[in-house]
Structures are given as C-alpha cells and as structure tokens.
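Right, one structure below, let's go through it.
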There are 2 protein chains.
Amino acid sequence: MTDLTSRQKIILSLIVHEHTRTAQPVASKTLIEDYGLPISSATVRNEMNTLAELGLIRQPHTSAGRVPTEEGYRFFVSNLVQQTVLPSATRNTISHQFYQSRRGLDHWLPLAASVLANQSQAVSLVTAPHSEKIAFKHLELISTRGLQVLMVLVLLGGEIRQQILALDEAYGQEVLSRTANHLNQEFENKSLRQIEALEPSNDPLVQQILTAILDQMHLSEDLVTGELFLDGLSNVLSTPEFAATNQERSPLRLLEERPMLNDLFSRTVLTEDIGGVQVLIGGEGTWQELRDCSVILTRYGIQDQLSGMLGILGPMRMPYGQAISTVRFVGDLLSDLVTDTLIE
Amino acid sequence: MTDLTSRQKIILSLIVHEHTRTAQPVASKTLIEDYGLPISSATVRNEMNTLAELGLIRQPHTSAGRVPTEEGYRFFVSNLVQQTVLPSATRNTISHQFYQSRRGLDHWLPLAASVLANQSQAVSLVTAPHSEKIAFKHLELISTRGLQVLMVLVLLGGEIRQQILALDEAYGQEVLSRTANHLNQEFENKSLRQIEALEPSNDPLVQQILTAILDQMHLSEDLVTGELFLDGLSNVLSTPEFAATNQERSPLRLLEERPMLNDLFSRTVLTEDIGGVQVLIGGEGTWQELRDCSVILTRYGIQDQLSGMLGILGPMRMPYGQAISTVRFVGDLLSDLVTDTLIE
DNA sequence: CTTAGCACTCTCCGATTGAGAGTGCTAATT
DNA sequence: AATTAGCACTCTCAATCGGAGAGTGCTAAG
C-alpha cells in the first residue's frame, strides 16, 4: 500500500494539509502556487488522477478540486503524518497547570479535558481511571441518624464509593467502627472474587454491610458507571461536520449515549495505531454518526492496574500531527500523575 | 399590567400555543379555523394590533403572522400559563425510577438530568447539592505507600472529599487512625469558621492534616467545584435557536463556562417566580447568548442546609406549562430524597 | 363593535443567467 | 516516456427576476 511515488505522497500530503486549512476542495493550481511545487499544474492533475484511482482522493463533482477520502486520510495518518513536537513553551505551560494545582484526580481529569479541547479545538473526552481488578482497600461506617449509616468504601487504586445504608437495627458508632475495623483487617487487598468466596457471617450487621460492599464492587466493575469529562463542545458547534442538518444524526449525540461510548472505548482493534495513540477515521463503518469525524484516543494510567481513556473527537479534516501529539502528551502526563498517586 | 380583556388574553394564549407548536408566525385565520374562535379574522386582527401596541406580539415583517415577543412570553408565563399536571402514569414511572434504583445521589442526579431532558425535550442541568454551612463530620486517614496518605473527609450533609497527602515523615496506619479518631472527636459537627478559630496544634502531622482539611473545606465552599450534570444536548442541536449561526454565540457555550453558570444560578431575583420555580426568559438582558432561549430553574434540597439547583434550558418557544410542572415535580422528588438521606 | 371585501406588501420558490473556477484532453516539447 | 501549454468544457455559485400565495391593513357596511 506504500507503493506511491514520493511525488504522489507529497501531493497527497499537501492536499490533506490545504484541505484541513480551508475546508475547500483543493485545486491543482493552488498546490503549485501556494506551495511552490516545481512542476506544472497539468502534471499535478495527472498525479491526482492516479491518486483518485487508488481511492485516496475524490472530486465532489466534475471540475472541482480534490478532497481526501476516508481512505486517503487513513493512508496519510498511517504513512505520511509527521508528529509535530509541541513547542516546549506549550508543554511547560500545560505541565505547570497540572503540577501547580492541588493534587487529585478530581482536578486533573477536568483539567485534562480542558487542555485537550483548547489545544485541539475539538471536543475532548476523558474517562476516570478504572481498576482492572476490583479489590478492597478500606471501609468506613459513619453513623448519621436513626437507622441510617453512611458507608464509605475505598477500593485499591483509590476509587471511592459511598452509599447510604438503612440498617435493620440501630447500632452505635462504637459498634460500627469496630465492625468496620474488623472487616478492614479481614478484607484488605482482597479482590471481589475472593470476598465473594468467603463464607458468610452470622452477624446480621456484617451480612448487610457485606451485601452493600459487594454491590458497590460490582458496580465499579462496569465501565458504564465511570465518570466522563467532556469539554470543547463549543469548538465544534459551528463546524459543518457537527451541524445537525441530518436530524438526530449529529456526532454529538454519541457523547450522550454511554453504551456507544463504551463500545467506542472498548474497541481494541483500531485501524491506525500510532505508538499507543489510536486514530479512528470516519467511524470505520460502525458508527454512522461519525461518518465525517475522527476520534483520536489513548489509554492512560498503569497497564493492568488502573487506567482510563482520553482523546478528542473532531472533524475528519483535522490537523492530525498536532492532535496526535497533544493526545499523547496529555496521556503521558496523566499516566505519570496516576502512577505517583496510586493507592496500593 | 393585567389590563387585557379576557378575549385578548385568549388570543395571546393561542398565539403562544400555536407558535410553540409550529415555530411559525401565527395568522389570524389560523386562530379562528384551528381553534374555533367565534369571531372573524378581522376582529382577531384588530385585537392583534392592540397586543402589538402593548409590545406583547410582533410581526417579523409586514404582512406576516404574529410572533410573541419576549415581553409577551413573560406576560404569558406570569398571568396566563396553566400548570399542567403531569399524568399520574408519567409521575409514577418517574418516581419508580428513583426509588427502585440503588439509593445515592450519584445515581439520582444523572437520573434527574435524564428525566428532565426527556420530558422537556430540552437541555437539562442539575447541580450536586451543596451545604450552606460547611461543617466537619468525619475524617479518615488511610496509609498507602511511602509517605503517601489518602485522606477522606466527610462533611455534614454527606459531601465526600478526598485528597492524597504527601507527608513529611512516614507514619504507620496505627498512628494515622489514632490521629484521625482524635480529630474526629475534636471537630465533629464544627463549622469551617470554628475549626479555623481553634488554636494550632504542635504535632506536625496534625498540622499538615489540618491544613488539608481546611483547604478542602474552603474548596467545598465555592460553588464552582460542585459537579454539574447535563443531559439532552441532542434535543436542541437541530433547533434554530441553538444553531451556531452567530459564531461562538450559541447558548450551549454557556454550559461550558462555569462562572456564567454560577452567575445564572446565583441570580436570586428572577423576573418570574412561580411557586419556587423561576423562569428566565430571553436572558433578561444580561445574557446575550440566551436571547432566544428560556431557562426554568428551581432549587431543591433543604433550605439553609443542603441544596442544589435543577432546571432546563430550551428555546424561548417552549411549552411552559408542562416544562414548569416537570421541573417542579423532579425538584420535589429530589428534595424528598435528599431529606431522607441527609447526613447529620 | 364587528365583519366582509379587497388592494397591497412581503416572502418564498423556481427558473434563468453569467461569471469563474477547475478540470480533462490533445498536441507539442523535453 | 514524462511533462507541459493551451483550450474547450463542465459544473457551481450568486445574483436576478417573476409569479404565486399568504396575510395583513383599511374601508365601508352591518
């Protein structure tokens, strides 16, 4: 598939670049004039014909300029895109924002979304990191009033889940604390499966709490529950690709449908895989809504322990080089932060 | 201001109703044909002239039908809107969703947003409830590794805040638990101000933790940090009022700007106040972006203790009766739930 | 005060037109 | 064999025009 002459590659790159800039079909004359190609427009047109036969570019209509096809973008991203290095000033500014602020994912995740959106001028998505293996870390029972007890459950990895329990019987804070401590010793670092396998207790209080703990751990197992941070919606509202001309078919709809998003995230086999950064171009036949869009995703965190997804969604006509670099950079940054603050 | 004849009120109501339905200017003939008014179109036109002089309706251009003005909608909402009662089937369905699911705000809030969005076919906003007075409830220190400690802070009202502390010196879980218990006894139910007023401890560990606690309590004081749940974006993407024709001026932009949102929420003096539900029509001169939109808001929770905001944002042309009822219903529902599970 | 009647105005839609952009093809050149 | 100049051709886009239709405002009669 790499059997393009170097001149054809240059021309394809230029078409992609120019079309990204102007959103217009690219004329042969534009290329030689604006980019100073040392050949004539007729030659460019001949090459364009070849590229069109290969399905990499197309004409919106006879006698118009050329536009990259989905395939064309794919070829470009796989073979031609040059990773831009973010200017060190930009990198420093971004890092600084993360390291100066209070430590904690609750700040970092929205911040990551914000940075991604601003840098890429697209929509950004960041999911909260999620443990591969759910395991118990710490339990706390806090008496509130009447039969109500606030249960705070900390999982390995640092995920915190809370629930209000309505107990069958009133217990003092004294008893609750003792029970919690007892369970803390018994369960520490045990996985969901291990806890499930333990034989049930006779104590009704323990039984009730155990049920709640298992409930919460099961919930935490589902990706669906994880928090999702979005930003940059306003960046794309005005672009034609996101306009809701085609009623109800706007790509933004995807962002509100958790099942679809999880599907998107869990798609491990993506067509383009650039050093951990995955590029999904034009919905890859699966997502109608993304026909004119691209998604750039990466996983961050710690392999097999605590990881999340982060990426951007923008028009297919997108500065891929910069976008990929930005996603990678922010991903690496978050990975470092997560590693530093891992609860184990 | 209520000095309209009853016939004028009927005509205004019908114009509002019809325009809400069709989004088109309303002709005099339409009113008598579709709504069976026992008068002629000429009479209707005369009345329309009066209404136009009062600034309640206007013509987009000479010889077109009439459209309600901002003032017209305001008059309608203040004087004419009839609160529809949600069908009991609908009410039951909604209640059921809340009461069947696991108890906990983390489920209820997104659910409320989803219900509001579906019912109103507009964008919904729900903020997490927030304590008026920040006060300490419970502290937990969990040793993780090295110098790192996970601090979990429960505030009165049930808000949970977590932070990872990097201590100066390594302490065992033993010491941490003792310290936490000690602070729990000393601080229980104390407000931020009271804790600030206490004289500092000599223990360096306590000092460091106290700093973190106060930091977190201060953060919790800012509305800005509260979580915000949105839903129903796709409901309005295709409506002209939300289209980003006027670049960067889409009402949806507001939803990404926390300062603006807080401003909106904190605006206590709203022009229309219907039994706790506030209706903001056309941005009220303050929000340019909302020129063609309306916001229906209400506060839920427990007065002076733990409360949040919830509401919808839709086109000015909106079925106010139903929208107001829905907002009120969901607000009351959440208030009940919050009251039931209050941490005190 | 209400209404029938009618002229008037303004929008909307389709058809028409001309200019301009950009191509494809052919024949000449390197 | 590859490149290029030249030119006719095609298609879009924007502007213009005109007629149909919707809806009003006004006047005069009931």
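The values are calculated or read from the model by the stated rules, or taken from the named source; none is laboratory data. None of the values given here were measured: they were computed from a predicted structure. Here the Cβ positions follow ideal geometry from the backbone for every residue, glycine too, while neighbour counts run over all protein chains shown. In case anyone asks, the SASA skips ligands and DNA or RNA and just uses the protein heavy atoms, side chains included. Shrake-Rupley method; radii C 1.70, N 1.55, O 1.52, S 1.80 Å.
Structure above, values below:
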{"read-out": "Inter-label distance for B:K29 and B:N46, nm, one decimal - labels placed 7 Å from Cα along Cα-to-Cβ", "value": "2.1"}
{"read-out": "Gaussian network model of chain A, Cα within-10 Å springs - most flexible of A:G72, A:G282, A:G172", "value": "A:G172"}
{"read-out": "Within 10 Å of each Cβ in A:143-151, the average number of Cβ atoms from other chains", "value": "3"}
{"read-out": "Given charges at beta-carbon only (K, R positive; D, E negative), |dipole| of the stretch A:136-224 in Debye", "value": "200"}
{"read-out": "Point-charge dipole on Cβ atoms (K/R +1, D/E -1) for chain A, about Cα centre, debye to 20", "value": "1340"}
{"read-out": "Inter-part distance where the stretch B:136-186 and the stretch A:114-138 are each reduced to a Cα centre, Å", "value": "25"}
{"read-out": "Helix-derived mean residue ellipticity, 222 nm - over the protein assembly as shown, DSSP H n ≥ 4, -39500 (n - 2.57), to 500", "value": "-13000 deg cm²/dmol"}
{"read-out": "Listed residues A:Q83, A:L264, A:T30: farthest to the positive end of the dipole of chain A (Cβ charges)", "value": "A:T30"}
{"read-out": "Selected from A:G285, A:G232, A:G36 as most flexible by GNM, with chain A as the system and alpha-carbon contacts under 10 Å", "value": "A:G36"}
{"read-out": "Spin-label proximity, B:E257 to the stretch B:294-313 - amide N less than 18 Å from point 7 Å beyond Cα toward beta carbon", "value": "B:294-295, B:313"}
{"read-out": "Inter-copy label distances at A:Q83 (7 Å, Cα→Cβ; nm, one decimal)", "value": "6.1"}
{"read-out": "Percent carbon-and-sulfur accessible area, the stretch B:136-224, ignoring ligands, DNA and RNA, probe 1.4 Å", "value": "49"}
{"read-out": "The protein assembly as shown, dipole about Cα centre (Lys/Arg Cβ +1, Asp/Glu Cβ -1), debye to the nearest 20", "value": "2060"}
{"read-out": "Neighbouring partner chain Cβ atoms per residue of B:180-188, average, 10 Å criterion", "value": "1"}
{"read-out": "Choice from A:A170, A:A323, A:A180 with maximal GNM fluctuation in chain A (Cα, 10 Å cutoff)", "value": "A:A170"}
{"read-out": "Signed unit charges on C-beta, dipole axis of the protein assembly as shown, positive-most listed residue B:S250, B:L313, A:L153", "value": "B:S250"}
{"read-out": "Pairs from A:K137/B:K190; A:K190/B:K133; A:K137/B:K137 whose Cα-Cα separation, in the structure shown, is over 31 Å", "value": "A:K190/B:K133"}
{"read-out": "Signed unit charges on C-beta, dipole axis of the protein assembly as shown, positive-most listed residue B:L167, A:A135, B:V338", "value": "B:V338"}
{"read-out": "Calculated label separations, A:T50, copies of the chain, 7 Å along the beta-carbon direction, nm", "value": "8.1"}
{"read-out": "Part-to-part distance (alpha-carbon centres) for the stretch A:1-29 and the stretch B:1-49, which is given in Å", "value": "59"}
{"read-out": "Peptide-level mean, for A:251-258, of C-beta atoms on other protein chains within 10 Å", "value": "3"}
{"read-out": "Inter-copy separations for B:D34, label at 7 Å along Cα-Cβ, nm, ascending", "value": "4.8"}
